[in-house]
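The values are calculated or read from the model by the stated rules, or taken from the named source; none is laboratory data. Computed from a predicted model, the values in this text were never measured in an experiment. Cβ sites come from the backbone with ideal geometry, for glycine too, and all protein chains shown count toward neighbours. All accessible areas refer to the heavy atoms of the entire protein, side chains included, with ligands and DNA or RNA removed. Shrake-Rupley method; radii C 1.70, N 1.55, O 1.52, S 1.80 Å.
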Amino acid sequence: MVIVTRIRRDVLTLPAARLGPDNPLPALCPRDDVHRVGDRERAGMPDDMARQLGLAPLRSLLPVSLRDGYGRERQPRGLQTLVIENDRLRATVLPGLGGRLASLVHLPTGRELLYRNPVFQPADFALNGAWFSGGIEWNIGATGHTTLSCAPLHAARVPAPDGGEMLRLWEWERLRDLPFQIDLWLPEGSDFLYAGVRIRNPHERPAPTYWWSNTAVPEDRRILAPAEEAWHFGYENRLHRVPVPTYDGIDRTHPRNSTHPADWFYDVPDGRRRWIAALDADGHGLVQTSTDVLRGRKLFVWGSGPGGRRWQEWLTAPGTGGYCEIQAGLARTQLEHVPLAAQSEVSWLEAYGPLDTPAAGEWADVVKTAERRLAAVLPRDRVDAAYAAWRPYADTEPRTTLAAGSGWGALEVLRAGLDLPGTPFPESTLGDAQEPWRQLLRTGALPDRDPARPPGPTLVAPPWRDLLETAPATAHTEYHLGVAQWHAGDRAQAVRSWERALRRAPAAWAALRCLAVADREAGHHERAADRYADAFRALCGEGHGKGHDDETWTAALAALGRETLEALLRARRPADARSVWQRLPDGVRGRGRFRLLLAELLLAEGRRAEARAVFDAGFEVADLREGADDIDRLWARLTDEPLPGRYDFRMRPDTGG
């Protein structure tokens, strides 16, 4: 019996950590340079690749907020899902978590085609913090995991080209100010889930564009792709071309054969079909293919070393088996951004489904056999035809709303009068975060805000900066104007705006903190420490009960307390750092990040044995950043002993690759 393709709501219950509140301090600076490549490496690259590596790097994460309020205590929680299925496949989507596909099951065999994470555990891998592993994620914005990793998307039913229904996901990506959509289409009787993707640039200026579809699969697979070379990138920040499958005498297409975490960007020749597959020892697994616009293919491995294994446990659960990632993107590598012309768009179609073909044997033979098998079950021209059939439906208006995303797209549509067929951003989606900016649009003035509360997110695109510059100059407006000017690269003018804000509100802790960041970035660490201390005292003086909730106030206190402690320790002022520590709430001081800071403070005070005791007692830094060496650097200052396994998250090799 043929089961008609249907879309339904469901609930996925998992042991899950709370996301917690966003960080209320504006993210004024880039967070890391994990994916930076030096000029020497660019010299031998193709011209277009070298240009795209240097295209529009992020100055900061603005206007996006950091998401670092999560912990590691997991309890059973119900996650809302949308399920699209026919008689061959069942795809489970998490609309509240970036539209992630949590599961893709081939029903005739009962096989899960993805790595399905048995827990929901955020960790600091997204551009703005919280990210989780498993399934298929949609990465848009800039190099790294999207800021929408743990954010809700809009979702709705829309007509499909075959007369059935598609599941549409869409949002406004705020780093580049670009709306995008993903149409998940599962034709009746199909073994392949189609994903039609479109990114639009509605502006009168070109925009840097980034997209990588990231699929987690069990790591006991062999990864096949139609390439004989790859661009290898490791955490030593070197990008270079290497042979496939064997490099340094090791077949790297088996993820467990690599020691250290690394990316392998397959150099698929022009004209060759774009695909990548992950197959087990019996030749069963998943294949992803697409129309040719989605050019790149990549394998990410955690490696067999202790750091990679520790990260696997950290992101999932001990004993559940490891995973690797196979990815597909717009450029050869994830370090590149592709220009998208003004008032234009880019679109393509992806397909995900089962593939059964031998995985063992000589590389060229195995790839050729897999390619023939893929052609038999899903011919290349069928994918092209599906894209052509889908494309006219991309503008079709949604039938039934299934989930709501943010109100930021509605605000941009309201400001610019945009017409975006197929992806409505109605005013009804505007919320509290957007309300001050809607008032700025309507009245020309930004409403005042209780100075005891965090000032809220700042919009930094040029049109919003222009509106702030002509608005009445209140302390609140000067603060936001300074943030927008900082993002634009005009740091001197930003400092002047924040100083004007202070003249109007001398105890404005948010402006003081911004000036402290400006001092720190300029190398004035002593003055930065003074301003941080002043900002922290001002925030503590606000206390509770002034129109803000405890969670918001605690989030601000924790975020500013952390930066203040770091600044004072950098300035070698442990006595002042101790004073800050004592004013933090017990619940904040008990967090793993602050236990690590306590150990550093104790060491700065000359209390080495007590600092070591913090490590011996054990702590978990929930928001430990990908590639960060905070823990091992402090351990090395304490002792010559080997770093304990529970603290070993090292991703950089000492030698070799």
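Among residues of region 587-616 that are more than 14 Å from residue 558 (Cβ to Cβ), those with a beta-carbon under 8 Å from a residue that is assigned to a loop (DSSP other than H, G, I, E, B) and open to solvent by 60 Å² or more (accessible area, probe 1.4 Å) at least six positions away or on a different chain give the pairs 604/572.
Put simply, of 423, 429 the only residue that is open to solvent by less than 30 Å² (accessible area, probe 1.4 Å) and of a type in the set (Ser, Thr, Tyr) is 423.
Set side by side, the residues 282, 251, 263 differ, and just one is surrounded by fewer than 24 Cβ atoms within 10 Å (Cβ to Cβ), in contact with a helix residue (DSSP H, G or I) (Cβ under 7 Å, 6 or more places away or on another chain) and farther than 26 Å from residue 157 by Cα, which is 251.
Of the residues that make up region 288-295, is at least one modelled with pLDDT of 95 or more and basic (Lys, Arg)? Yes: one or more hits. Quick test for you: out of 441, 468, 459, pick the one residue that is within 30 Å of residue 397 (Cα to Cα), modelled with pLDDT of 95 or more and surrounded by 21 or more Cβ atoms within 10 Å (Cβ to Cβ). Of 441, 468, 459, the one residue that is within 30 Å of residue 397 (Cα to Cα), modelled with pLDDT of 95 or more and surrounded by 21 or more Cβ atoms within 10 Å (Cβ to Cβ) is 459.
Give the residue, chosen from 559, 604, that is under 20 Å from residue 508 (Cα atoms), open to solvent by less than 60 Å² (accessible area, probe 1.4 Å) and among the small types (Gly, Ala, Ser). Step by step, each of 559, 604 is checked, and only 559 is under 20 Å from residue 508 (Cα atoms), open to solvent by less than 60 Å² (accessible area, probe 1.4 Å) and among the small types (Gly, Ala, Ser).
Checking each residue in region 86-104 for being farther than 15 Å from residue 168 by Cα and in a strand (DSSP E or B) picks out 89, 90, 102, 103, 104.
Of the residues in region 86-123, how many are more than 15 Å from the chain's Cα centre (by Cα) and at positive phi? So the count comes out to 1. Kindly evaluate residue 220 against the criterion of being assigned to a loop (DSSP other than H, G, I, E, B) and either in contact with a Gly (Cβ under 7 Å, 6 or more places away or on another chain) or more than 26 Å from residue 42 (Cβ to Cβ) (or both). So residue 220 passes the test. Taking the stated definitions as given, is residue 409 part of a helix (DSSP H, G or I) and in contact with a strand residue (DSSP E or B) (Cβ under 7 Å, 6 or more places away or on another chain)? So residue 409 passes the test.
Check whether at least one residue in region 541-564 is in a helix (DSSP H, G or I) and over 30 Å from residue 18 (Cα atoms), and report yes or no. Scanning region 541-564 turns up no residue that is in a helix (DSSP H, G or I) and over 30 Å from residue 18 (Cα atoms). Residues that are outside any strand (DSSP E or B), at positive phi and not aromatic (Phe, Trp, Tyr) do not occur anywhere in region 192-214. Specify which of the listed residues (194, 210, 235) is in contact with a strand residue (DSSP E or B) (Cβ under 6 Å, 6 or more places away or on another chain) and either touching a residue at least 40 places away in the same chain (Cβ under 8 Å) or of a type outside the set (Asp, Glu) (or both). The conditions single out 194. Scanning region 84-133 for residues that are farther than 30 Å from residue 69 by Cα and free of Cβ contacts under 8 Å to residues at least 60 places away in the same chain, we see that the one that is surrounded by the fewest Cβ atoms within 10 Å (Cβ to Cβ) is 110.
Taken together, 378, 446, 374 contain a single residue that is out of contact with any Cys (no Cβ under 9 Å at 6 or more places or on another chain) and free of Cβ contacts under 8 Å to residues at least 40 places away in the same chain, which is 446.
So for region 161-175 (the condition being under 21 Å from residue 351 (Cα atoms), open to solvent by less than 20 Å² (accessible area, probe 1.4 Å) and either among the small types (Gly, Ala, Ser) or touching a Phe, Trp or Tyr at 6+ places or on another chain (Cβ under 7 Å) (or both)), does at least one residue qualify? Yes, there is a match, as at least one residue in region 161-175 is under 21 Å from residue 351 (Cα atoms), open to solvent by less than 20 Å² (accessible area, probe 1.4 Å) and either among the small types (Gly, Ala, Ser) or touching a Phe, Trp or Tyr at 6+ places or on another chain (Cβ under 7 Å) (or both). Listed here are the helices (runs of 4 or more DSSP H) enclosed by region 473-535 that have at least 2 residues being free of Cβ contacts under 8 Å to residues at least 12 places away in the same chain: 491-504. How about region 415-432: which of its residues are aliphatic (A, V, I, L, M) and either modelled with pLDDT under 95 or in contact with an Asp or Glu (Cβ under 8 Å, 6 or more places away or on another chain) (or both)? Answer for region 415-432, where residues must be aliphatic (A, V, I, L, M) and either modelled with pLDDT under 95 or in contact with an Asp or Glu (Cβ under 8 Å, 6 or more places away or on another chain) (or both): just 418.
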